[in-house]
Each structure stands twice: as C-alpha cells, then as structure tokens.
1. Starting from the Cα gyration tensor of the stretch D:50-100, multiply each eigenvalue by 5, take the square root, and state the resulting semi-axes largest first in whole Å.
2. Compute the helix-to-body angle for B:87-99: its Cα long axis versus the longest principal axis of chain B, expressed 0 to 90° and rounded to tens.
3. Once you compute Rg and the Kirkwood Rh from C-alpha atoms, what is the Rg to Rh ratio for the protein assembly as shown?
4. Magnitude of the Cβ-charge dipole of chain D, K/R +1 and D/E -1, about the Cα centre, nearest 20 debye?
5. Quick one: what are the phi-derived ³J(HN,Hα) couplings along the stretch A:9-17, Karplus 6.51/-1.76/1.60 with θ = phi - 60°, whole Hz, x for glycine and proline?
6. Between B:Gly47, B:Ala32, B:His60, whose Cα lies farthest towards the positive end of the dipole of chain B when Lys and Arg beta carbons carry +1 and Asp and Glu beta carbons carry -1, centred on the Cα centre?
7. Based on Cα coordinates alone, diagonalise the gyration tensor for chain B, multiply each eigenvalue by 5, take square roots, and list the semi-axes in whole Å, largest first.
8. List every residue whose amide H lies under 5 Å from the amide H of C:Ala32, counting only residues 5 or more places away in sequence or on a different chain, with H placed 1.01 Å from N in the peptide plane.
There are 4 protein chains.
Amino acid sequence: MHVIADLAIIPLGIGLSLSKYVAACERVLTEAGLEPHLHANGTNVEGEWDTVFAALKRCHEVLHEMGAPRISTNLRVGTRTDRTQSMADKIASVESNLEA
Amino acid sequence: MHVIADLAIIPLGIGLSLSKYVAACERVLTEAGLEPHLHANGTNVEGEWDTVFAALKRCHEVLHEMGAPRISTNLRVGTRTDRTQSMADKIASVESNLEA
Amino acid sequence: MHVIADLAIIPLGIGLSLSKYVAACERVLTEAGLEPHLHANGTNVEGEWDTVFAALKRCHEVLHEMGAPRISTNLRVGTRTDRTQSMADKIASVESNLEA
Amino acid sequence: MHVIADLAIIPLGIGLSLSKYVAACERVLTEAGLEPHLHANGTNVEGEWDTVFAALKRCHEVLHEMGAPRISTNLRVGTRTDRTQSMADKIASVESNLEA
C-alpha cells in the first residue's frame, strides 16, 4: 500500500531550537531510501506503508537518543486505491487548476 | 516504546456519512487489544508502538475493502522517555490544574 | 458558520509539563462561552466560527503571557452546510454503528 | 502576532478530485495578500494572525459556495515571541544542520 505522508515532529524539553532534531529525522528518512521534501511546517514523504512508518518510528527513537525526553508528532497520511498518484502528481494537479 | 496517539480517519469518495467507517476502525482497534476512546474529532488510543501502528494500517486496509477509494488520516503521536504516562494521567493532570 | 474543532496546543521552551498551559486555554475557551471537552490529545469545542477562532487567538496570547516563548498548535476544523450537527451527534452516530 | 501556518483543506461529498478546491483556496490566500507555498500535503502561509485566519474562514466559505457540503481542515499554527522568524528562516535552519 503506497502512502503519501506529511510529518511534523516536535521534540519537547530541549529548548526552542528544533532544527537539529528535524535534520536528524530527515537523515533517517533518507537512509530509509525515501526522498523527503522539507517545507516550513513539516516534511513530505511517500513510499510503501511499512517503509514510511518504520522510518517514523526510527525518527522517534533517534530523537530520544539525542536527548529529547518527549516528542509530539503530527502526521497526515493519505492512501488511495482508485489510481496511483505521486506527490508530484498532487502538486501538478492543483497547479493546472491555478493556471486555468 | 509506549505511544499515546489520536487518530482522525477521513474516508473520501463515499458521501458525507463517515460514521460507518469510523466505527469499523474502532472495531479494528479493539480487536488489536487496544481500548479506543472516541471523541467528537477522533479517537484516543495508547499502547506499544508496533501494536498501535499495525492497527492503523489495518484501519486503512479495512476501509478500502469497505469501498472507500481514498483515505486521509490525521494523527497525533506522543512518546516520552522521562516517565511513564497514560492517557488518564494526561487528563487528570490538566484537570488538577483546572481545580487549582 | 458553525464549526466543530479540536485544539491541541503545545507550548515550547517551558519544560515537559504542559498541563498548566492546557488548563489556561481551557479557561479561555470557557470564558468565551464555549464548552470545551478535554481528551487525552486535545480539546473538542464547537460554536460560531468567529467565537471559536477568537478564543484560539486568546489562548496563544495568554500562553505567551504566561511565559511560553513558542507555541505550536494542531487544529482540526469541520464545517458543513448540508445539515446541522453537534459534537454529541457525531459521537452518537458512530456509537449507533458500533452497536449495530 | 505573526503566525506561520500550514493548511490542509479536505472538501467532502464532491468525489475524489480535490485539486479544483485546493486551487480555489490558494486564490483566496493570494487575494488576501499572502504568499501561499503549496506542497504535496498542504499549503504553508505566514502573516498577521487576523489576516491568515480571515483567509482560512474565506476558504471554507468559498468551498461551500462551490458546492462542497462538508469540509475538514487540518491546521498547524506556530507563534513565537522570542524572536522573529519567517518560513524561509525555518527551512534554512534545518538545511544548515543537514549540511553540517
């Protein structure tokens, strides 16, 4: 089952600068063979369900190992069976409507 | 790794009444040995990471099998290593502050 | 426009105990004439759009005044024009499907 | 109060193709003087709190007028008082950690 997801991981108890932790999770995603697309409020990722969710679990583990005692993640998860659709397809579809 | 999560599963392409699908996911969670707590905008659940996420995957599979061609889920996921905390603990902690 | 919403407010930079801040936001919601329903991962609230969103803004302001230098909120927002529906209606609808 | 937000608006009851509706909300944001950044799972936007939230309300109104009987939005909202930070700053901060 292909999944398109968006992860926003917030480590708590480590002060106000979260970027080191977000970068660590980006590396985890990349090491899992995924191609994360960072944006200002999260990270887009797509792939097989088990690959994506194993990487998410690994992000939590790595951030705890880095010293974050508490983590709060917000996740958007999309699956569909009517057709295959990539993240690039989704963006292109909106943009073609914007140009219309 | 213990996780406290909140699932809001939205099936698309099946009209406006989502409750049959939400109920099906509740059953999946219960069959997984979890104790889901339904609220007006999602479902609270807690347990071992792998149990919770296997049940989430099963929810997507079951809803697709029921005929939902597209599913969009919003998920809040919390883990912590500083201490053990249950969902009941979280609520009790806020309520004790409200009474103060 | 009637809205059913779910607020999960996370203050950052104030340590690991968030309950004092969550309780302060509950008070803001109540003072706005709303009836917040706390759960383990957020707070359900319903009412007129402008009332709900003015209270959300007030929550951010109050938590900053309490000393939280950074706040990250996750919000689910539902509106519908086909019929009126309360939070209690949503829960009852799922529960009737669970009993079926 | 400056806010950085991420909107994911899901219209229900209009079939599986959401892009026309997402594009309409992008136009609303642009007409409000904001500079939305579309990604595969939502839209980044930043500005004054009242401007951003008035535009969000207008998105719900416009999508209902277009025929969507039900709308479910997921929103991430960030405010901070310790320093000014733009969306570009947030991304640059993570990327500098990735290069390190």
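1. Values: eigenvalues 221, 41, 14 Å².
So the three semi-axes of the stretch D:50-100 are 33, 14, 8 Å.
2. 60
3. On the way: Rg = 19.5 Å, Rh = 21.1 Å.
Computed over Cα atoms, the ratio is 0.92.
4. Details: 9 positive and 13 negative charges, 75 e Å.
Dipole about the Cα centre, nearest 20: 360 debye.
5. Running phi through 6.51 cos²θ - 1.76 cosθ + 1.60 with θ = phi - 60° gives 9, 10, x, 10, x, 10, x, 9, 9 Hz.
6. Looking along the dipole axis, the top candidate is B:His60.
7. Numbers: eigenvalues 150, 49, 21 Å².
One finds semi-axes of 27, 16, 10 Å for chain B.
8. none
Here, each number is a calculation from the coordinates, and none is a lab measurement. This structure is a prediction, so every number in the text was calculated from the model and none was measured. Here the Cβ is made from the backbone with ideal geometry for all residues, glycine too, and neighbour counts use every protein chain on show.
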